[in-house]
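Please read the structure below before turning to the comments.
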Amino acid sequence: MLTREENERYTRVGKGTPCGELMRRYWHPIAASGQLPEHGTRPVTILGERLVLYRDRSGKLGLVEERCPHRRGGMVFGIPEETGIRCAYHGWLFDGTGRCLEQPYEEIVDPESTFKDRVRIGAYPVEELGGLIFAYLGPEPAPLLPRWDVFVKENVVREIGWTVIPCNWLQVLENAADSSHVISQHGQFSRYVLERLGRPDLRREFTRVGGAVGPHREISSERMEFGRLGMRCINGHWSPGGATVFPGMVRLPDHSCQIGVPIDDTRTLYIYYYTHDPAELKRELGLDWPPQKDPREIPVFEVPVPATEGEMEWGLLDNNSGQDLGMWSSQGAIVDRTKEHLAQSDQGVVLYRQLLAEQIKIVEGGGEPINTFREPERNRRIEIPCGTRGANGALFALRNAAGVDRTFSARKYSPIFRAAALKERGETALKDPVT
C-alpha cells in the first residue's frame, strides 16, 4: 500500500514532478521508423509534452514543440526541407536544434535583419535504432542512447507492434514484476475466454498448482545491474525469467521485449518488439522473410485494447497481450494504491517501487540514475541478463502464434503470423483480426 502522496510522486510525469524529472533522464521510443518512412510529420505526446516529429528531405529526424514561436501555427502542417522543417503559416524555417534559419518576409523588408538569430523553437534530440525512433527530453548533455542487445542483434527479422493504453505507465510496468498473474490471468482466465469463444482447441496446458493452472510453482524477484530479474522454480530448479530494464523495458526469454512509455499521466504508449531467426522462419514455417536492411522496412502493426465497458470483446482477450491490456485499463486511469492489499506474491512489485523511489531520490540529489550510459565502449552492445526458452525460444512463440496456440502474445496481429497462418490454411486472404 502507498500513501496518496507517494502514489502522486511515482505516477505523475509532467515537467517539474519527481517522476517526470527522472523520466527525462532517459531516451524513450516515440514511434517506429516505419511510421515515418518518408519526409513528413507525425504528432507525438510524451511525458505530457505535445510535440511534432518530422523527417526532412535528407532523411534526418527532428522533434520540435507543436506550435511555431511566431504566431503559434501548428508544426504538424510543417513542410520538410532538405534541412529542417518550415512552418506552413509564414514560412519560418527551423533546423533540428530549434535554430531559426529563415524568415522570408522579414528578410525581404530588412535584408540586414538579425531577428531570426534571436528566435528558437523548442526542440529535442532524436535518434533511430533497431527500427525505433527515440527521443530525449532531459538536460544536456544527453547520455548515449543505450544499445541494448535486442536492438543491435544482427541478421534477424524484426517486427514492431504498438498500442495506446488508457492508463498510467506505472500499473503497466508493475505487471512485469507481478509474475504470479500468469497463473490466473493467462491460465484460468484464458481458459474461460476460450470457453466463451468455443475454442477449446486453443487451450494451453500448464502445471497444475494448488487448484490453479500455471507454468511454475514458485516465483521470486532479484535486483540486478539494470533493474529487476524475475526468477522461477520449475521442477525444483530455479532459473531466470524475464528482466525489467529500468525504467520501462521488459526483456523476455523469447528474444523479444516490450516497452512502456508515459504519454502523459493517464495514457501509455506500449511497444511490442520482436526478432526472429530467418533460417528458422524458412525451415519451420516455410517463410522467406529476409532481415530488413532499412529500418523503415520493418513491419509495424497495431494491437487493439479490449474495452472495459459495454459488451465484452472476447475475441480480443484470447491472447496474453489482450488480457494484460484489458486488465491494466480496468484498474483505472491511475490505480488508487491507498486501497490495495499486497501479498507475498507481490514482492516483485514492491522491489520495483523501491527501485523507482531510489532513482527519484538520486535525481533529486543531482546524481544520474541507473541505465544512463556515457562511455561509447560500454555502449557498443549491452547484454541483458535474462532467461531463455532454449535455442528456439523465439520460434516456440512464433509456432504458437502461427497455429498450435496463437494465445501466446500480440503476435496474433503481426504480419509474420498472418503469413504463417495463410500458409498453414492454404488461403490467399485472411480476415483481420485473426480468428
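The values are calculated or read from the model by the stated rules, or taken from the named source; none is laboratory data. What you see is a predicted model; the values in this text were computed from it and never measured. Cβ sites come from the backbone with ideal geometry, for glycine too, and all protein chains shown count toward neighbours. Remember, those area values only see protein heavy atoms, side chains included, never the ligands or the DNA or RNA. Shrake-Rupley method; radii C 1.70, N 1.55, O 1.52, S 1.80 Å.
Ignoring ligands, DNA and RNA, what percent of the 1.4 Å accessible area of the range 25-180 is carbon and sulfur? Don't jump to the answer; show the numbers that get you there.
Working: 3100 of 6490 Å².
Ligands and nucleic acids excluded, carbon and sulfur give 48 percent.
Can you order the peptides 285-297, 313-325, 135-147 by their average number of other Cβ atoms within 10 Å per residue, highest first? Don't jump to the answer; show the numbers that get you there.
On the way: 285-297: 14.2, 313-325: 21.6, 135-147: 16.5.
Those peptides, ordered most packed to least, come out 313-325, 135-147, 285-297.
Lys15 to Ile108: FRET efficiency via 1/(1 + (r/R0)^6), r the Cβ-Cβ distance, R0 25 Å, to the nearest 0.05? Write down the numbers at each step before the final one.
Details: r = 38 Å, r/R0 = 1.51.
That gives a FRET efficiency of 0.10.
Helix-derived [θ] at 222 nm for the chain: sum -39500 (n - 2.57) over DSSP H runs of at least 4, divide by residue count, nearest 500?
-6000 deg cm²/dmol
Keeping the other protein chains in place, figure out the carbon and sulfur percent of the accessible area of the range 285-367, with a 1.4 Å probe.
Working: 2120 of 4200 Å².
So the carbon and sulfur contribution to the accessible surface is 51 percent.
Could you check the spin-label model distance between Glu368 and Glu6? Points 7 Å from the Cα along Cα→Cβ, value in nm.
3.0 nm
Here are some values of volume of the Cα convex hull per residue in Å³: [x] 168; [y] 141; [z] 132. Which one was computed from this structure?
Only one listed value fits the structure, namely [x].
Tally the DSSP beta bridges in the chain and give the antiparallel ones as a percent, rounded to 5.
95 percent
So between Ala357 and Arg380, what do we pick up on full extension, going 0.36 nm a residue minus the alpha carbon distance?
5.4 nm is the gain from fully extending Ala357 to Arg380.
Restricting to Cα pairs below 8 Å that are 6+ residues apart, what does the relative contact order work out to for the chain? Please round to a whole percent. Display every interim value, and only then the final one.
Working: 877 pairs, mean separation 85.1, N = 435.
Averaging sequence separation for qualifying contacts and normalising by length gives 20 percent for the chain.
Counting other Cβ atoms within 10 Å of each Cβ, which GluC sites (Glu not before Pro) in the range 80-145 have at most 15 and sit in a DSSP loop?
Counting only loop positions with at most 15 other Cβ atoms within 10 Å, the GluC sites (Glu not before Pro) in the range 80-145 are Glu82, Glu112.
Put a dot 7 Å past each Cα toward the Cβ at Leu144 and Arg72; how far apart are the dots in nm?
The two pseudo-label positions are separated by 4.3 nm.
Note the angle between two axes, namely the Cα long axis of helix 415-425 and the longest principal axis of the Cα atoms of the chain, as a number of degrees from 0 to 90, rounded to the nearest 10.
Approximately 40 degrees, to the nearest 10.
What is the distance in Å between the Cα centroid of the range 71-99 and that of the range 23-48?
Spelled out, the Cα-based centre of one part sits 17 Å from the other.
With angles folded into 0 to 90 degrees, how steeply does helix 347-364 sit against the dominant principal axis of the chain? Use alpha carbons for both and round to 10.
The answer is roughly 20 degrees.
Leaving out ligands and nucleic acids, and using a 1.4 Å probe, what accessible area per residue does the chain come to in Å²?
So the chain comes to 45 Å² accessible per residue, rounded to a whole number.
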